[in-house]
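As structure tokens, the structure follows; a few thoughts come after it.
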Amino acid sequence: MAGALYRIPFNRPAPLGRELDYIRDAIEQGQISGDGVYTKRCHALLEQVLGARRCLLTTSATHALDLSALLLDLGPGDEVILPSFTFVSTANAVVLRGARPVFADIREDTLNLDEALLAGLVGDRTRAIFVVHYAGVSCELDPILELARAKGLRVVEDAAQALGSRYRGRPLGTLGDLGCISFHETKNVSCGEGGALVVNDAALVERAEIMREKGTNRSQFFRGQVDRYTWVDAGSSFLPSDLLAAFLFAQLQALAEVAARRRAIHERYAAGLADLERRGVVRLPRIPAHVESSYHLFYLLCEDLPTRDRLTAFLKARGIQAVFHYVPLHDSPMARRGGFAPGSLPVTERLAARLLRLPFYNALKAEEQDDVIRAIHDFYGGAGS
């Protein structure tokens, strides 16, 4: 059954304000290709919200990761440490440059890369660490950054789910050398397909602009810094249409409202399902006290894979779409074929098999959420039983 046929789907994107007005205005401006008026407005607003040195819209977070790998000059013989519990884009950015991903296990509590294992994974060929902030909850960045500085490694934050999240008061995406954000339709704010690269290393800003513009110095030309633009570096076309930027700008303007709404949804799930956690039949998400989450998603950790599958089918019969998440990359056909399957990563394997994501989107109604909570209680034998 397709997502659109569910009574309560996993995700339902919706406008938040003046999206259509801005799209119409972008058309009337006479430029709908990349880096138009609304792209620049998005850049400025993101830089303001994040306190970032430079933000550049991309066609996706996948492309932001690809651009990061280009900027770091990753290539054959290089190794990059990253969690196996992530979307394929994190690893593809490494593999496409000819470098080798070194998969790490995750923590039991946040499902993020286990920083205690990093030192044992760093070798002579290690060039970078790609961290992932799962569900908008930060990795333990202080020890990761400390190790990276000591070993001369670059840190890229896959903050696809983490716009608005903070680690010890600092916005995620701004602590590593580079940060990558997603505006896919499943994200808190979106434009259907889109992303952003956050450039925190001043030495990378100019080159990021060049590589994003097909390897040309076009941005410098339009700022009057050069009298013509030409091919000066490797690059590709990473610019989204200004129509997408116009849609996104309206969404970004509602970021504070979205954050409050998603926190309320998250807390309603947590309160409504707390007794099931007390009974020991599920585990709810953990958010450390020193982390502020974007509340990107809400998941349950079921007792085991068969229970998760039965619960998924039970909810489907009620018209509710709940979905699992990442299949561990280290155990994938690509990892085995590429020769970078590390053997067992026990925490990743155990938690990935138990995880079930519940419906979570900005327009989710309280009564719909209560239906989900009630159905989960019914599966486990009734509320309070």
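What follows is calculated from the coordinates using simple rules that are stated; it is not laboratory data. What you see is a predicted model; the values in this text were computed from it and never measured. Here the Cβ is made from the backbone with ideal geometry for all residues, glycine too, and neighbour counts use every protein chain on show.
Close amide H contacts of Gly194 (hydrogens built in the peptide plane, cut-off under 5 Å, sequence separation of 5 or more or a different chain): Ala61, Phe183, His184.
Rg over Rh for the chain works out to 0.98, both radii taken from alpha-carbon positions and Rh defined as the Kirkwood radius. The ellipsoid that matches the Cα gyration tensor of segment 263-385 has semi-axes, each √(5λ) in whole angstrom, of 28, 17, 14, with the longest given first. Taking the DSSP bridge list for the chain and keeping only pairs wholly inside it, about 55 percent are antiparallel. A Gaussian network model of the chain, with springs between Cα atoms under 10 Å, assigns the largest mean-square fluctuation among Ser60, Ser138, Ser236 to Ser236.
In a fully extended conformation the segment linking Glu185 and Arg223 would gain 10.4 nm over its present Cα-Cα distance, using 0.36 nm per residue. Over the chain, DSSP H runs of length four or greater, each weighted -39,500 (n - 2.57), average out per residue to a 222 nm ellipticity of -12000 deg cm²/dmol.
In this label model, Asp142 and Ile32 are separated by 5.0 nm, measuring between points 7 Å along each Cα→Cβ vector.
What does the C-alpha gyration tensor say about the overall shape of segment 104-210? Classify as rounded when a/c is under 1.5, otherwise prolate if a/b is larger than b/c, or oblate. Note, shape of segment 104-210 comes out oblate. Taking packing as the residue-averaged number of other Cβ atoms within 10 angstrom, the listed peptides 72-84, 249-261 run from highest to lowest as 72-84, 249-261. Counting Lys and Arg as +1 and Asp and Glu as -1 over every other residue whose Cβ lies under 13 Å from the Cβ of Val372, the net charge comes to +2. The residue list Leu351, Ile376, Val258 was ranked by how far each Cα lies along the charge dipole of segment 255-379 toward its positive end, using unit charges on Cβ atoms, and Leu351 comes out on top.
Distance in nm between label sites at Asp275 and Trp231, each 7 Å beyond Cα in the beta-carbon direction? Result: 6.8 nm between the two label points. Seen against the Cα atoms of the chain and their longest principal axis, helix 61-71 is set at about 40 degrees. Listed values for segment 330-338 are Karplus-derived 3J(HN,Hα) couplings in whole Hz (6.51 cos²θ - 1.76 cosθ + 1.60, θ = phi - 60°), namely 5, 9, 8, x, 5, 5, 5, 5, x, and x replaces Gly and Pro. Close Lys pairs in the chain (alpha-carbon distance under 25 Å; sequence gap of 8 or more, or different chains): 5. Between Arg170 and Ala203, the contour length at 0.36 nm per residue exceeds the alpha carbon distance by 9.8 nm.
In terms of the mean number of neighbouring beta-carbon atoms within 10 Å, the peptides 107-117, 224-234, 44-54, 191-201 order highest first as 191-201, 107-117, 44-54, 224-234.
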